[in-house]
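Only one structure is covered here, and it is reproduced in the block below.
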Amino acid sequence: MEKIFELGNLFALTGWAALLVALFAPPARKAALGWAGLVVPTLFGVAYVALLASANAQGGFSSIAQVRSLFQSDGALTAGWFHYLAFDLFVGSFIAREAVERIASPVIRIVMIPVLGLTFMFGPAGLLLFTLLRPVFRRPAAPAPQAA
C-alpha cells in the first residue's frame, strides 16, 4: 500500500506541474489543463473506488469515532488521501483556467503560483485566497467587432 501511496503523490505532482505550464505556455495550455483538470482527477477517482472496494474497512461517516475507525485501514486511508489529491487538483485547475481567462499578462499570472501552492498544500485555504483575489483581476475586454 505504501508504494501505491507514493505513486499517487508523484502522479498528483504531474497535474500540478501541468497547471504551471498552463499559466505560461499557451501552445500547451489545452493539453495541460485537460491533464490536470480531467485526466488525473478521473484516474484518482478510479483508484479511489478500487481502494475502497478492496479495503476491509469498518466504520462510517456519522461520527468522529466512525471516521477514525474507517481510516484504520491503509486501503481506506490511501483512498481518502487520493480523494484529497483529486479534489485539490480539480480546484487548482479551476483556479488556473480562471487566471488564464482573467489575467492577460503572464507577468501578473505569477501571482497565481503561490495561490496554486497554497491550494496544493491546504486546498480550501488556496481557494479562499483565490476567491479574495479574483475581483482584482478583470477579464480582458473583448476586441471590438471589425467593420466590413
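Please treat every number below as a calculation from the coordinates, not as lab data. These figures come from a predicted structure and were not determined experimentally. Please note: Cβ atoms are built from the backbone with ideal geometry, for glycine as well, and neighbour counts cover all protein chains shown.
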*Somewhere in segment 47-64, is a residue closer than 22 Å to Met121 by Cα and touching a residue at least 60 places away in the same chain (Cβ under 8 Å)?*
no
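Can we say Gly34 is within 19 Å of Ile113 (Cα to Cα), in contact (Cβ under 8 Å) with a residue 12 or more places away in the chain and part of a helix (DSSP H, G or I)?
Spelling it out, it is not the case that Gly34 is within 19 Å of Ile113 (Cα to Cα), in contact (Cβ under 8 Å) with a residue 12 or more places away in the chain and part of a helix (DSSP H, G or I).
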*Matching residues, segment 84-101, being over 9 Å from the mean Cα position of the chain (by Cα) and surrounded by fewer than 18 Cβ atoms within 10 Å (Cβ to Cβ)*: Arg97, Glu98, Glu101
